[in-house]
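Have a look at the structure below before the remarks.
The values are calculated or read from the model by the stated rules, or taken from the named source; none is laboratory data. Because the structure is a prediction, the values reported are computed rather than measured. In this analysis, Cβ positions are derived from the backbone assuming ideal geometry, glycine residues included, and neighbour counts consider all displayed protein chains.
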Amino acid sequence: MRRSSTARSQCDEPADPEEPVVTKETPIPWKQVIPLVAMRLAEPINLNLILPFLYKMIEDFDIADSPKDISYYSSMLFMSFSIGQTMIIVYWGRLSDRIGRRPVLIAGLVGILVVSILFGFTKSFAMAIVLRFATGVFAGNGSVMKSAMAEIADDTNRSRMMALLPLSWNFGSMVGSGIGGVFYNPAKQFPGLFGNFKLFIYFPYLLPCLMGSTVAAYGLAAGLFNFKETLILQPTQPTHEEAASELPVAAGGSTEATPLLAQSTKPSSMRSLLTPLVVRVMVTNAIMCFAYVMCDQLYPIFAATDPRDGGLGLDPRSIGISLGVEGIVVIYLQLVVYPRWERKYGALHCYRRGLAFAIFYAVCMPFLSIIAAHIQTSASTLSMSYEYIGMWIILMSLMTMRITSSVMSYTSINLMITNMAPSRGDLGFMNSTQQLGMSIMRIFAPAISGTLWSWSIKHSLPFPFNSHFVWLLSALLLCIVLWQSYSVPDSVNKFAADQPKPIANTEESDD
């Protein structure tokens, strides 16, 4: 008894103010999060479902002089999307700071829904360019969704909740790629089901686009009927009960009575927001995005290219499978692994680790073409050879490495930039500025990677200027970003908008 009394008295003593207080994680408000995730899935699914059949689609347009020129035209399609997104992304973010997140999200989903259906009916390269541009215009929801997610989170669950958005993006990318690879040209792939549908015979890419538009329609319904506005624009005079509920909660926690959202503040000026640290992080984020996009947009072309030219020689279905099977992995990484690592080591450390994984992936991937070329020349039964099985094991290992690096890098940089916003009213601008930089990189990265890939496989140049060149260039850029990340302070691991602001001359006032 004496021992327990001593323990009780020790617990009753005030804690050392310098010791960090460990708080229990606030439960995730799923009623708001699930509709937000449903809306987020629409963009990556509709954006990536064309990847498996992109090579074949450009062949059907009959505009490339040779198969080695297809990557040039595919890069133009990617560029058109990024140009449209770059022109409008900051406007969407600032507009959401003024009129709210919900109307901006709904407007974008309506546009994606319509454009996705129209893309399935395209029969010319010019029309495909126009529709991809329109998709980019309406795909400004990413930065707005990050702002909305940050507003419904707190310090105890922010890393887990913010991880749900890149999870939705990565999972949607995998699902979209799988849809495009499995359901393109259904009249030929599934003649028993779709062989008599003249619509799918004349428009071989319509079915996957219709499936993508269905996801957009579901996200639109979730936004209209289940998602509530997260930005309080005109706070009313609180009642007695509301005023009582706004009292501070011990240890920084929250209760059922704690308001879900803080009142929005007037957005800061652009000059005050773009501090040297913010600019440095934004620039490194843009370079990282440039390298990732070079690899990601090159992969479906690399996978479809003949092994004699430095590719893998895969058909659209195999490409879709290689891009789609990572969906299970990304769920575990995003929901289980990343939140634990982030809470233990911080977003900055996870960011650096993701960059290291990406460098390894970019360096190793082009060596697979050596195995594919050996299979092509030596194996008569391609699908049954040990070399073919080994190639797929290595390929899926590298693709798992790629998705791991993407989860670690993008989730961390999203958290870091969100953490640097001085107030919640600046989240829209910070996230849209980040998205603007990434969109600009997505304009140039596909053009450069596609042009360099065509150049490298057309000329018989020695290593590293052969088919390895684009991959190694991406790895070099990622090495630069990794080096620069060590100049970023650990303060980016804390959400600045919720940190107490220093009060000037407090000692003098006490006197």
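Overview of results
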item: Subset of the stretch 197-218 (residues that are among the β-branched types (Val, Ile, Thr) and touching a residue at least 40 places away in the same chain (Cβ under 8 Å)); result: VAL215
item: TYR345 being farther than 26 Å from PHE78 by Cα and surrounded by fewer than 18 Cβ atoms within 10 Å (Cβ to Cβ); result: yes
item: Those residues of the stretch 312-332 which are in a loop (DSSP other than H, G, I, E, B), surrounded by 23 or more Cβ atoms within 10 Å (Cβ to Cβ) and either among the small types (Gly, Ala, Ser) or modelled with pLDDT of 85 or more (or both), in sequence order; result: LEU312, LEU314
item: Total residues in the stretch 450-490, condition in a helix (DSSP H, G or I), free of Cβ contacts under 8 Å to residues at least 24 places away in the same chain and out of contact with any helix residue (DSSP H, G or I) (no Cβ under 6 Å at 6 or more places or on another chain); result: 3
item: LEU335 vs. criteria more than 18 Å from MET399 (Cα to Cα) and either out of contact with any Ser or Thr (no Cβ under 7 Å at 6 or more places or on another chain) or part of a helix (DSSP H, G or I) (or both); result: yes
item: Filter result for THR214 (modelled with pLDDT of 90 or more, surrounded by 12 or more Cβ atoms within 10 Å (Cβ to Cβ) and within 22 Å of the chain's Cα centre (by Cα)); result: yes
item: Matching residues in the stretch 125-152 - criterion: being aliphatic (A, V, I, L, M) and in contact (Cβ under 8 Å) with a residue 60 or more places away in the chain; result: ALA128, ALA139, VAL144, MET145, ALA148, MET149, ALA150, ILE152
item: Close pairs from the stretch 173-196: first surrounded by fewer than 17 Cβ atoms within 10 Å (Cβ to Cβ), partner assigned to a loop (DSSP other than H, G, I, E, B) and at pLDDT 85 or above, Cβ under 8 Å, at least 6 apart; result: LYS188/PRO204
item: Candidates GLN376, GLN334 - the one that is in contact (Cβ under 8 Å) with a residue 12 or more places away in the chain and under 17 Å from the mean Cα position of the chain (by Cα); result: GLN334
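For (1) buried (at least 21 other Cβ atoms within 10 Å of the Cβ); (2) at pLDDT below 85, each residue gets a yes or a no:
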| position | (1), (2) |
| --- | --- |
| ILE45 | yes, no |
| SER75 | yes, yes |
| ILE88 | no, yes |
| ASP97 | yes, yes |
